Every structure is written in structure tokens, then in C-alpha cells.
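The values are calculated or read from the model by the stated rules, or taken from the named source; none is laboratory data. Small disclaimer: the values here were computed from a predicted structure and weren't measured. Cβ placement follows ideal geometry from the backbone for every residue including glycine, while neighbour counts extend to all protein chains displayed.
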Amino acid sequence: MNPSVESKLAKKIKVMREIQVSINKKMLEGQFPIPIHLAIGHEAVSACIAEVFAPQDKLLLTHRNIHFHLAFGATEEQLTNEYMLKPSGLASGKLGSMNLMNPQAGNIYTSNILGNNLSVALGVAFSIKIKKQDGVVWVITGDGAIEEGAFYEAVLFASSLRLPIIFVVENNGWSLGTSISERRAQIDLCKFAGSMNVEFQTLKDNDINDYLNVMSKIREIVVATNQPHILEIEVHSLGGFYVAEDQDSKRYINYHAGAIKTDPDKNGIFEKNNTDPVFANLKIFNVGTS
Amino acid sequence: MELTFTQYINSKIRQKFSGYEHSVIFGQNIVSGSRISGLGAGLDQIDNCVALNTTNSENSLMGLGFGLALSETPSLFLMKQHDFALLGLDQLTNTHNVLRNGRLMAPFIVLMVVVDSGFEGPQASLSSLDEFASLTRAPTYFLSSKENIDKAFELSNEPGLHLMALSQKNMKSICIPSQEVVIECDEAIIYSHLLNDGKAKIAVVSFGVDILVARKITAELSEKHYSVSLINITKLTKINLTSELFSRIINHDKIVVIDSGKSEIHFSTDLAYNLKACGKDIDLYQRHSSQNWSVVTDDAIEFDVKSVVQKIMKGN
């Protein structure tokens with residue numbers, strides 16, 4: 001990869017983290033009247049998608065969308081003002097967080113209902129196809145939403161019509177406060193995709209070179225062949241916490257719909273392994289990782 | 001040449017979708033198989049329009065229409081049965097609520113057949129447009145007369161979601177122009193037999209996809225030389241007290257409200273309440289046999305035309 005692109009992305013990931021930590025602080029201070037879902041640990045996904053995203057592409061988001069808005073150009077001030085429902089916010093203070101859209105950046109729809117955006121993405125992709133616009137729809141979903149019937153319907157429909165669509169599954173292993181193993185059987189998305197004649201790729205460990213290569217290639221294939229893809233990316237939503245349920249037991253929850261309440265120095269907002277995209281890309285700055 | 005409701009609506013669809021640079025008509029069996037009893041006939045021949053037989057996935061299909069409308073592509077979802085739309089309620093309510101304030105750049109029409117012909121069973125005979133209109137806050141049109149169909153297709157040129165419903169019972173009936181159209185309001189078509197004979201002026205206000213009962217009542221009253229207006233609701237909505245329609249209804253001495261829908265909540269109740277509050281003489285007829293709808297029935301409308309007319313005559 002071009003070193004300047006690599007450096008730019010690593011810096012972007014770091015800045016996105018800093019802004020989220022700053023917003024977390026404001027959440028702790030009670031500055032926002034609305035619920036906000038932070039995406040600390042998801043920054044490499046959005047930064048790399050923004051890098052390969054073409055002007056004619058479209059982006060459909062979920063309730064956990066802050067990392068995408070930052071990657072696609074929103075400033076801390078625009079987001080903070082939006083979360084305070086001020087007219088100077090990114091959407092003039094009208095959408096808040098969970099439905100926040102930024103059409104100027106190609107983000108034309110955002111839904112807080114699990115699986116809801118997948119169906120809308122089909123129409124956007126179909127319109128691109130019949131108008132021969134060479135764009136791709138990036139629809140973001142997660143390991144919780146793929147349990148919905150809407151996911152099955154959408155993948156089948158996209159495959160049947162050969163739509164230019166990439167289903168990006170951010171798999172953080174948690175839905176509300178419940179881990180995958182606590183709520184369902186494992187889903188083998190590779191087999192699922194294969195059964196519907198849809199291509200499948202997976203990514204993990206936040207290597208931005210790897211991410212960019214895979215995402216660029218997928219985009220090229222989708223434009224050339226109208227072959228929908230599922231891209232599953234393992235993410236670790238940092239900021240997990242323990243809930244004390246009785247005197248002797250604590251339960252770990254790695255999901256947060258609100259502020260990360262623990263001590264900023266010990267709270268898991270940064271981790272020293274490759275599940276943290278900031279750590280994983282420190283090597284780009286030529287700094288030590290101890 | 002006389003056209004059936006099916007043929008007339010089909011011709012309106014073809015006419016409407018011939019005018020777009022790009023458009024999509026979609027649904028199950030619309031350009032193969034039964035073509036929804038002919039509603040889908042020839043839709044694959046419209047220039048620049050993709051007519052698509054789809055998967056059986058109503059939730060996704062509702063989302064598809066919203067995605068197309070977001071992308072400035074007009075579309076029509078032809079749905080064989082109104083009850084299938086229940087599977088798409090998340091899209092119709094939640095998605096629409098996010099996008100209805102000017103974000104949809106093209107019309108998205110959902111055209112549903114209300115299976116009111118009877119003997120279909122408890123799950124196939126849904127006729128609850130009031131609830132759909134309330135949940136979606138979308139314009140909801142009854143395709144119950146030629147004039148209503150014309151009005152609905154005209155109003156649905158506006159970008160955004162539009163729900164349309166027609167009666168299965170009517171599909172093979174002849175859709176003839178009425179001889180007596182007097183006024184078109186935003187929410188209704190008014191047909192009148194007004195006579196200047198000093199008798200009380202009666203309004204028969206019809207809600208629902210089936211106006212047969214209301215037409216029969218109107219005809220009987222006319223035969224008896226009453227001055228009677230048939231007010232056929234086109235767009236199901238709360239009727240504003242300051243609207244032209246309300247002022248025209250209230251101009252009658254006696255008002256009969258007939259609702260052929262099976263909802264538990266009714267916009268017709270709202271109208272009757274407001275008319276009563278204005279001191280008007282109201283008879284309200286709504287369906288009340290919900291106990292029977294949990295089994296296979298003939299689904300006949302319970303209002304007896306003769307007794308409705310007799311009650312009016314007694315009071316006048």
C-alpha cells in the first residue's frame with residue numbers, strides 16, 4: 001500500500017478513537033439527552049470502507065454508526081451538536097444518533113431496527129443496477145441482525161437479482177448484553193453465503209493493508225459482475241464491563257448503549273493486542289508496542 | 001368498451017408507469033402465473049419499466065420500494081392479499097417514519113387486494129386499512145369507484161409512500177363512470193341527487209373498499225325522492241374540521257356513515273364524533289362481527305339496506 005495512505009488511515013483511526021473518548025466523557029457528564037452507541041474498537045472497519053468508497057457508492061448504517069460518520073468526514077463538533085439536538089448538528093439536530101444519516105457522504109439511510117436497513121439496501125442497489133451507475137451499496141449489519149429473517153430474505157433477493165451489494169457483518173459477538181454462545185447456535189456465514197450463490201470473505205485483527213486489499217477487490221468484483229458479497233469482520237467493541245449479580249459472581253458484558261463508565265485508565269478503551277485497531281496499527285508510526 | 005375494475009386499474013398502472021424514465025413494478029406472480037387475476041397483465045410491456053416476479057419476501061419487498069424511492073426510482077408493489085402486508089409492517093411503519101419527511105424522491109405505491117369475497121378463512125380476509133393508515137401515516141386510498149381510482153392515481157404522483165386497496169369482490173365488476181359526480185375534495189368524491197323539494201338533505205358517507213351498500217342506500221333514498229349525496233371516501237385520513245369536505249358534509253340535515261372495513265379503530269368514528277359534536281343527526285354503521293371472523297364465513301356485510309333506509313325515513 002502507498003505509505004502515505006497507510007499513514008493517513010492509521011492517523012484517522014487514532015483521531016476517531018480520541019473523538020469517541022471525548023464524546024464518552026461528555027456522555028458521562030450527561031451532556032446528551034439521547035442514547036448513543038459508541039463503536040470503540042470498530043474504527044478500522046469504517047476507515048477502510050471510507051477509503052475504498054466511490055462517489056457513486058451508497059452506505060446504509062445501523063444504530064451503532066459513530067465510527068462511520070467520523071470516517072466519512074463528520075467532525076466532533078457536528079456530532080456533538082447533533083447529539084445535543086442543536087441546529088448546527090450533522091443532521092440539523094433532527095435525527096440524533098441511532099438514525100443519523102449524512103446523504104452528502106453517500107449515507108442515505110440509517111436504521112436502529114435490527115435488519116431493517118438490509119431490505120432498503122436492496123432497492124438502492126436495484127436502482128443502481130437498472131440505471132447502470134457502476135456504484136456499490138455497502139450495507140452494514142451485525143451478528144445480532146443476521147439472526148433476523150430480513151437477512152435471509154435480503155441475501156436471497158440480492159443473489160436472485162444479482163445486485164451490486166456488499167453485506168458488511170460487524171461481528172462483535174454481542175447482542176445487547178448477551179454473547180453469541182448465550183443466545184444461539186453458531187452461524188457459518190461462509191456456508192450460508194455459498195448456499196445462496198453469494199461470495200464470502202472474512203477479516204479480523206485490524207490490519208489496514210489487509211482490509212483495504214480485500215475491500216478494494218470485493219468492490220471491483222461487485223461492480224464488474226453484480227455478484228453480491230458478504231464480508232464478515234470480527235470486531236472487539238472495547239469498553240466491556242463487569243456486572244456484579246451477587247456477592248460472589250460478576251458477569252462480563254461487552255456491549256454498551258451509553259457511556260463507558262469505568263476509570264479511563266483501566267477501562268479497556270485501549271487494549272494492547274490486535275483486537276484494538278489503534279494498537280494493531282501502531283507499527284505504522286514506528287513506535288513501540290510494549 | 002366497458003372495463004372491469006381489474007382492467008381499469010391495470011390500464012391506470014400502465015399509463016402511469018409509461019411516463020417514467022426508469023421505474024419498477026414488482027410482486028409475486030405479477031408477470032407470470034395468475035398475474036393477480038389480470039391486474040398484472042401486460043406490465044412487462046411498459047417501456048423503461050422493469051416488471052419483476054419476486055421471491056416470497058414481503059418484508060424485503062417493502063424495503064425494496066423504499067430503497068428505490070430513496071434513489072429517485074418510482075415503483076409499485078402489487079400485492080395479491082392485503083394480509084400479506086402485515087409481514088412488511090416494520091418497513092411500512094419504522095422505515096417510513098424516518099424517511100417520510102421529504103427524503104423519498106419518488107412515489108412508492110403498495111396496491112393491495114382486500115380478500116372480502118368470503119370463505120377464505122380467518123387469516124386471508126383482513127380488511128383493516130384504518131390500522132395501516134394510522135401506523136404508517138401514509139396516504140391510504142380506497143379504489144372503490146372509477147372516480148376514486150382516478151383520484152388515487154393522480155395523488156400518488158407525489159413522491160413518498162402511497163397505500164391503495166381494492167375489493168376482491170369488485171375485481172370483475174364493471175367500472176363505469178358515475179353519472180352524478182359533483183365535487184372532488186382532497187379526501188372524497190361527492191356524488192349527489194340533490195333536489196330542491198324542501199325535503200331533508202341526506203349524506204351517505206362511505207368508508208372502505210366496498211361501497212355497494214352505500215350505493216344501494218343512496219339509490220333507495222333517491223327512488224323515494226330524497227335529496228341525497230353519496231360521499232365516497234378516497235383517502236383514509238382524519239377529516240379536518242376546517243376542510244372543505246367537512247363543511248360539505250355538515251351542510252346536510254341527516255348523515256349516515258357506513259364503514260365496510262373490519263378495523264377495531266375507525267376514522268369513521270372520528271368523523272361521526274365530530275359531526276355529533278356539531279349537533280348533527282348521525283347514524284353510524286360499522287361492522288361488529290369480529291367473533292365470526294376467526295372461522296371461515298361468507299364475510300357478508302351485516303348492514304341491512306332496508307332497515308338503514310327505514311330508520312332514515314322514520315326520522316324524517
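Before we move on, is A:Asn209 within 28 Å of A:Leu38 (Cα to Cα), more than 8 Å from chain B (Cβ to nearest Cβ) and of a type outside the set (Phe, Trp, Tyr)?
yes
Among the residues of segment A:1-38, which ones are buried (at least 23 other Cβ atoms within 10 Å of the Cβ) and in a loop (DSSP other than H, G, I, E, B)?
Correct list: A:Ile36, A:Leu38.
Assigned to a helix (DSSP H, G or I) and among the charged types (D, E, K, R): is that true of B:Glu131 in this structure?
yes
Restrict the check to segment A:43-58 and report whether at least one residue is buried (at least 24 other Cβ atoms within 10 Å of the Cβ), in contact with a helix residue (DSSP H, G or I) (Cβ under 7 Å, 6 or more places away or on another chain), farther than 18 Å from A:Pro277 by Cα and within 14 Å of chain B (Cβ to nearest Cβ).
Yes, because at least one residue in segment A:43-58 is buried (at least 24 other Cβ atoms within 10 Å of the Cβ), in contact with a helix residue (DSSP H, G or I) (Cβ under 7 Å, 6 or more places away or on another chain), farther than 18 Å from A:Pro277 by Cα and within 14 Å of chain B (Cβ to nearest Cβ).
For segment A:192-237, name all the residues that are out of contact with any Lys or Arg (no Cβ under 9 Å at 6 or more places or on another chain), polar (S, T, N, Q), under 23 Å from A:Val278 (Cα atoms) and not in a helix (DSSP H, G or I).
Correct list: A:Thr202, A:Asn206.
If a residue counts only when it is modelled with pLDDT of 95 or more, within 14 Å of chain B (Cβ to nearest Cβ) and surrounded by fewer than 24 Cβ atoms within 10 Å (Cβ to Cβ), which helices (runs of 4 or more DSSP H) contained entirely in segment A:59-155 have at least 1 such residues?
Once the helices (runs of 4 or more DSSP H) in segment A:59-155 are filtered for at least 1 residues that are modelled with pLDDT of 95 or more, within 14 Å of chain B (Cβ to nearest Cβ) and surrounded by fewer than 24 Cβ atoms within 10 Å (Cβ to Cβ), what remains is A:116-130.
Hey, among the residues in segment B:115-162 that are more than 24 Å from B:Thr95 (Cα to Cα) and hydrophobic (A, V, I, L, M, F, W, C), which one's surrounded by the most Cβ atoms within 10 Å (Cβ to Cβ)?
B:Leu143
Would a scan of segment B:59-73 turn up a residue that is within 11 Å of another protein chain (Cβ to nearest Cβ), surrounded by fewer than 21 Cβ atoms within 10 Å (Cβ to Cβ), over 23 Å from the mean Cα position of the chain (by Cα) and more than 30 Å from B:Pro122 (Cβ to Cβ)?
yes
Among the residues of segment A:187-201, are any in contact with a helix residue (DSSP H, G or I) (Cβ under 7 Å, 6 or more places away or on another chain), among the basic types (Lys, Arg) and on the phi < 0 side of the Ramachandran plot?
no
Among the residues of segment A:162-198, write down those that are within 17 Å of A:Gly240 (Cα to Cα), surrounded by fewer than 22 Cβ atoms within 10 Å (Cβ to Cβ) and of a type in the set (D, E, K, R).
Result: A:Glu182, single match.
Look through B:Asn94, B:Asn101 and report the one residue that is assigned to a loop (DSSP other than H, G, I, E, B), within 11 Å of another protein chain (Cβ to nearest Cβ) and out of contact with any Leu (no Cβ under 8 Å at 6 or more places or on another chain).
B:Asn101
Of all the residues that make up segment B:167-183, how many are part of a loop (DSSP other than H, G, I, E, B) and either farther than 12 Å from B:Leu3 by Cα or basic (Lys, Arg) (or both)?
Residues meeting the conditions: 4.
Could you list, ordered by first residue, the pairs with Cβ atoms under 6 Å in which the first is in segment B:128-150 and of a type in the set (Gly, Ala, Ser) and the second is part of a loop (DSSP other than H, G, I, E, B), at least 6 apart or interchain?
B:Ser128/B:Lys262; B:Ser128/B:Ser263; B:Ala133/B:Leu236; B:Ser144/B:Val209; B:Ser144/B:Ile211
Collect the residues in segment A:173-191 that are in a strand (DSSP E or B) and hydrophobic (A, V, I, L, M, F, W, C), keeping them in residue-number order.
Matches in segment A:173-191: A:Trp174 only.
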